[in-house]
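Worksheet for the structure shown next.
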Amino acid sequence: MTVYEATIKRLEFVFSEFEYVYVSFSGGKDSGVLLNIAIDYVREHYQDRRLGVFHIDYEAQYQFTTDYVKQIFDSLPNFCDKYWVAIPLTVPSCTSMYSNHWIPWNIPEKDIWVRQLPEESINILNHKFDFYEYGMLDYDFQRQFGDWIQRKTGKKTACLVGIRSRESIDRRIMLANRFNERKYKDILWSTGGLSDSRLQYNFYPIHDWTSEDIWIYNGRFCKPYNKLYDLFYKAGLSVDQMRVASPFLSQGLKTLHLYKVIEPNTWGRVVSRVNGVNFAGIYGGTTAMGWKSIKKPKSHTWKSYLKFLLSTLPENTRNAYIKKFKVSEEFWSKRGGVLGDDVIGEIQENTDAKIEIIEESNYKTTKRTVKFLEYPDELNISEFQAVPSYKRMVVCILKNDHLCKYMGFTMTKEEIERRKNIMEKYKNTL
């Protein structure tokens with residue numbers, strides 16, 4: 001069975017289990033392929049069904065991407081419900097040590113928007129989302145959008161998401177986690193239970209596709225795609241390096257400088273729109289921002305180099321990092337994290353780290369719990385991101401990774417509540 005045939009089988013399952021399905025469409029190659037497959041599937045098998053198409057417009061993006069999104073939305077068949085959303089949302093940014101987010105379509109900054117609101121969009125002037133709060137986190141909006149669709153249609157709802165496990169280790173972990181209780185009927189390529197009724201789930205039908213599979217599909221079925229990828233190819237990027245992500249996320253910094261060459265007019269507006277973009281455009285993808293094989297000064301350990309870097313940061317940023325780093329130190333020394341036998345073996349054979357292995361664990365996993373009796377300065381093992389070290393902390397700072405995702409952190413309840421309060425106060429001053 002080919003990956004295409006497997007995807008059709010997965011769609012058969014989703015459409016048989018759920019009454020309403022919508023596709024999350026970013027404007028990139030993966031979501032574009034999934035949308036085209038879903039449209040063709042509905043056209044052939046469910047002519048009486050409707051298919052939702054959901055796109056969040058983040059304002060600062062290539063004009064090629066905007067043109068592609070418009071092309072797709074203009075060509076959608078009559079059985080598609082269109083949700084092109086362009087509203088102020090709080091989005092993570094890794095371009096500056098002074099700010100960990102920015103807000104697309106922020107009304108007070110209208111004079112410096114990268115472009116004007118798309119005419120077709122659902123925006124701050126015409127939206128009917130009863131759950132929306134000005135500047136809410138984009139991930140919160142995505143989750144609650146599914147619940148809103150479910151309430152609006154009164155049907156059991158599923159979202160199709162075009163992500164592939166080969167794009168990042170985080171995605172592989174998410175899809176391979178057999179102990180995630182929020183899977184739908186224990187299906188690995190699903191996540192969900194986003195509302196109390198647990199009716200809205202996400203499914204990832206093309207999770208096992210390669211980059212080559214994506215382009216083979218487009219060529220074989222003569223499907224439209226974002227022409228930005230042609231320019232990426234001319235710029236020398238490999239098919240695996242071509243990503244149409246938010247330019248200010250860590251994944252987009254390596255190719256941020258291409259804006260300057262591909263769309264200089266867009267670049268000029270982006271530079272004045274988001275703090276730190278010019279620096280990130282110059283040094284993104286280099287050791288200066290935590291990429292490639294970073295090195296510390298010869299006179300420093302990673303712990304002392306971390307202390308030096310912290311001293312250079314604004315006070316609020318420094319304190320936020322210190323708080324998260326302390327959590328990591330206490331977690332690995334007191335509670336311990338789970339590691340596979342291969343990683344444990346490599347630590348024991350190739351490092352002098354002092355560890356304690358706990359055979360019985362409260363974690364729902366077959367891996368073993370490991371405590372570090374001394375927090376490591378650096379562990380030179382193949383699974384570097386699986387283990388703690390002061391070097392990983394340094395990488396977080398260099399990447400402007402304010403949430404410390406590189407170390408496995410997510411946003412805390414306190415951070416979510418703090419940002420919500422700030423956004424509410426800010427909204428009342430408009």
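The values are calculated or read from the model by the stated rules, or taken from the named source; none is laboratory data. What you see is a predicted model; the values in this text were computed from it and never measured. Please note: Cβ atoms are built from the backbone with ideal geometry, for glycine as well, and neighbour counts cover all protein chains shown.
Below are the figures for this structure:
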{"item": "Test: residue in segment 246-255 that is modelled with pLDDT of 90 or more, in a helix (DSSP H, G or I) and buried (at least 21 other Cβ atoms within 10 Å of the Cβ)", "result": "no"}
{"item": "Residue list for segment 2-38, filter: outside any helix (DSSP H, G or I) and in contact with a helix residue (DSSP H, G or I) (Cβ under 9 Å, 6 or more places away or on another chain)", "result": "2, 19, 20, 21, 22, 23, 24, 25, 26, 27, 28"}
{"item": "Residue that is of a type in the set (Ser, Thr, Tyr) and free of Cβ contacts under 8 Å to residues at least 40 places away in the same chain, where the choices are 317, 301, 351", "result": "351"}
{"item": "Some residue of segment 53-69 being within 30 Å of residue 5 (Cβ to Cβ), assigned to a loop (DSSP other than H, G, I, E, B), in contact with a Lys or Arg (Cβ under 8 Å, 6 or more places away or on another chain) and modelled with pLDDT of 95 or more", "result": "no"}
{"item": "Candidate set: segment 68-88, residues that are without any contact (Cβ under 8 Å) to a residue 40 or more places away in the chain and in contact with a helix residue (DSSP H, G or I) (Cβ under 9 Å, 6 or more places away or on another chain); chosen: the one farthest from residue 270 (Cα to Cα)", "result": "79"}
{"item": "Helices (runs of 4 or more DSSP H) contained in segment 321-430 and holding at least 2 residues at pLDDT 85 or above and surrounded by 12 or more Cβ atoms within 10 Å (Cβ to Cβ)", "result": "341-350, 390-398"}
{"item": "Residue within segment 56-63 that is surrounded by fewer than 20 Cβ atoms within 10 Å (Cβ to Cβ) and either touching a Gly at 6+ places or on another chain (Cβ under 6 Å) or in contact (Cβ under 8 Å) with a residue 24 or more places away in the chain (or both) present", "result": "yes"}
